[in-house]
Amino acid sequence: MATAEIAVPAGETVPVFDRNFDGFMNFLNSEASPSISPKQFGLVFRIDMQTLAAQAHVHMNTVRLAPNTETIQSHLRESVRVIRAAADISGSIEKAIYWFKNHPLPTFDYKMPQDLVAEKRTEALIKYIQSLQAGYTG
């Protein structure tokens, strides 16, 4: 992982990953299990657990008490898939996360990519990203 860090609200820090997808995945890994840690995901994406629960369509307590449930893990994995595809085009995990959270997509009625993942439209979003690859100018 890169050594530069970004301050996040709770006084914790998140490494700058740039093009290091393996470092990004290692950061997201829950040390207690072979799963993506919702807490680490929240730090990187700068979202609270209530927002994550809403996006994954589970109760807030599920994120806290049962973070390894398939519903949560599926949402986290699908989000990571989209970030990987977007980072492959943009060249940066951070740019991909910014795009994921903030870029309204005309093709999808101006919805943000994170909203499309929450709506379980990841496959359509991945195909959209792939269609952009050839023409991306950075």
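The values are calculated or read from the model by the stated rules, or taken from the named source; none is laboratory data. Keep in mind it's a predicted model, so treat the numbers as computed, not measured. For neighbour counting, all protein chains shown are included, and Cβ atoms are generated from backbone atoms with ideal geometry for every residue, glycine included.
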Next on the checklist: Would you confirm whether or not the stretch 28-44 contains a residue that is aromatic (F, W, Y) and modelled with pLDDT under 95?
Outcome noted: no
Item to check | Among residues of the stretch 64-79, those that are in contact with a helix residue (DSSP H, G or I) (Cβ under 7 Å, 6 or more places away or on another chain), touching a residue at least 24 places away in the same chain (Cβ under 8 Å) and assigned to a helix (DSSP H, G or I), counted | outcome: 5
Item to check | Candidate set: the stretch 49-97, residues that are among the hydroxyl-bearing types (S, T, Y) and within 11 Å of Q114 (Cβ to Cβ); chosen: the one surrounded by the fewest Cβ atoms within 10 Å (Cβ to Cβ) | outcome: T51
Checklist entry - In the list S90, S131, which residue meets the criterion of being hydroxyl-bearing (S, T, Y) and closer than 20 Å to V16 by Cα? => result S90
Checklist outcome for this item: Those residues of the stretch 24-43 that are over 15 Å from R81 (Cα atoms) and either surrounded by 14 or more Cβ atoms within 10 Å (Cβ to Cβ) or free of Cβ contacts under 8 Å to residues at least 12 places away in the same chain (or both) come to a total of 11
Checklist entry - Are any residues in the stretch 80-99 in a helix (DSSP H, G or I), out of contact with any strand residue (DSSP E or B) (no Cβ under 9 Å at 6 or more places or on another chain) and touching a residue at least 60 places away in the same chain (Cβ under 8 Å), and if so, which ones? => result R84, A87, I93
Item to check | Residue pairs meeting the criteria (Cβ under 7 Å; at least 6 apart or on separate chains; first on the phi > 0 side of the Ramachandran plot, in the stretch 49-63; second crowded, with 17+ Cβ neighbours inside 10 Å and of a type in the set (S, T, Y)) | outcome: none
